[in-house]
Amino acid sequence: MTEVEYPPNAPAAGSRDGPPSAAPAAAPGHGAGGGETARRPADAWRRSVRGALFALLASTAPAFASGLEIDVAGEADGTVTVDLFENVAPLHVERIIGLARSGAYDGIAFHRVIDGFMAQTGDVQCGVAGASCPAGTGGSDMPNLPAEFSDINYDRGVIGMARARSPDSANSQFFIMFAEGSFLNGQYTVVGRVTGGMDVVDAIKRGAGGNGSVLGEPDRMTEVRVTE
């Protein structure tokens with residue numbers, strides 16, 4: 001399995017991980033009759049009204065925010081609290097919550113940590129102590145997720161999903177930003193933000209190997225709990 005080594009170390013000119021999204025082609029018409037043409041403005045108006053009503057109902061519905069408590073041990077020692085953005089990336093947040101509740105994230109290494117950039121973890125297959133595969137080359141036994149890109153900036157404390165070259169290859173690995181990284185904006189799915197314990201994140205053991213890989217014993221997430 002190819003190592004999930006994205007996000008990249010630094011921005012490079014013209015090095016997008018995928019082509020820009022193409023605008024969808026216009027849907028073919030259903031016929032040239034005058035009746036069909038006359039119905040189109042009314043249909044469009046009805047669709048716009050339905051969309052507005054749906055948005056209004058959604059805005060008045062109660063919001064149930066989820067988060068994480070991540071206990072970290074190693075050179076770092078403490079608990080990191082996280083607010084998950086289920087309204088921004090519902091599929092990715094659902095995946096993270098499911099893995100956390102099952103205990104899959106417990107004991108997983110911070111296998112790639114680049115000073116001044118980010119700390120990457122979440123390889124539930126190969127990031128556990130004693131795994132037969134290199135940390136960073138695995139994921140979960142569930143399928144990869146389609147991208148849920150947003151306009152949220154990659155600022156300090158923001159959490160994003162790691163992936164391979166395909167935008168639709170995120171699975172279980174995620175990374176926490178040490179500092180702003182605007183070159184990631186719109187290229188990696190944002191799933192949350194650290195709300196407490198950034199001092200613990202800052203203390204995570206840095207990587208000294210190629211591409212930020214951690215040599216020797218890495219820091220680990222000893223327990224990950226879901227909060228409501």
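Quick notes on this one:
- Residue 112 buried (at least 18 other Cβ atoms within 10 Å of the Cβ) and farther than 19 Å from residue 80 by Cα: no
- Test: residue in the stretch 134-142 that is within 12 Å of the chain's Cα centre (by Cα), outside any strand (DSSP E or B), in the same structural domain as residue 99 (by TED's automatic domain parsing) and farther than 20 Å from residue 212 by Cβ: no
Residue-by-condition table, conditions (1) at pLDDT 95 or above; (2) surrounded by fewer than 16 Cβ atoms within 10 Å (Cβ to Cβ); (3) hydroxyl-bearing (Ser, Thr, Tyr); (4) over 14 Å from residue 135 (Cβ atoms):
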| residue | (1), (2), (3), (4) |
| --- | --- |
| 160 | yes, no, no, yes |
| 172 | yes, no, yes, no |
| 176 | yes, no, no, yes |
| 183 | yes, yes, no, yes |
| 193 | yes, no, no, yes |
| 216 | yes, yes, no, no |
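- Count of the stretch 204-228 residues which are touching a strand residue (DSSP E or B) at 6+ places or on another chain (Cβ under 8 Å) and over 22 Å from residue 103 (Cβ atoms): 7
- Unmet requirement for residue 117, which otherwise passes all of (1) touching a residue at least 60 places away in the same chain (Cβ under 8 Å); (2) touching an Asp or Glu at 6+ places or on another chain (Cβ under 8 Å); (3) among the hydrophobic types (A, V, I, L, M, F, W, C); (4) surrounded by 18 or more Cβ atoms within 10 Å (Cβ to Cβ): (2)
- Taken over the stretch 179-206, the criterion of being touching a Phe, Trp or Tyr at 6+ places or on another chain (Cβ under 9 Å) and assigned to a loop (DSSP other than H, G, I, E, B) is satisfied by 179, 180, 181, 185, 186, 187, 188, 189, 204, 205.
- Residue 106 being in contact (Cβ under 8 Å) with a residue 12 or more places away in the chain and closer than 22 Å to residue 131 by Cα: yes
- Failed item, numbered, when residue 176 is tested on (1) within 9 Å of the chain's Cα centre (by Cα); (2) under 12 Å from residue 120 (Cβ atoms); (3) part of a strand (DSSP E or B): (1)
- On the stretch given as the stretch 103-120, residues that are over 14 Å from residue 224 (Cβ atoms) and out of contact with any strand residue (DSSP E or B) (no Cβ under 8 Å at 6 or more places or on another chain) total 3.
- Hits in the stretch 64-102 (condition: within 18 Å of residue 223 (Cβ to Cβ) and either in a helix (DSSP H, G or I) or free of Cβ contacts under 8 Å to residues at least 12 places away in the same chain (or both)): 96, 97, 98, 99, 100, 101, 102
- Boolean, residue 208 is surrounded by 14 or more Cβ atoms within 10 Å (Cβ to Cβ) and either in contact with an Asp or Glu (Cβ under 7 Å, 6 or more places away or on another chain) or not β-branched (Val, Ile, Thr) (or both): no
- Candidate set: the stretch 187-228, residues that are touching a Ser or Thr at 6+ places or on another chain (Cβ under 8 Å) and small (Gly, Ala, Ser); chosen: the one nearest to residue 110 (Cα to Cα): 207
The values are calculated or read from the model by the stated rules, or taken from the named source; none is laboratory data. Because the structure is predicted, anything quoted here is derived from the model rather than measured. For neighbour counting, all protein chains shown are included, and Cβ atoms are generated from backbone atoms with ideal geometry for every residue, glycine included.
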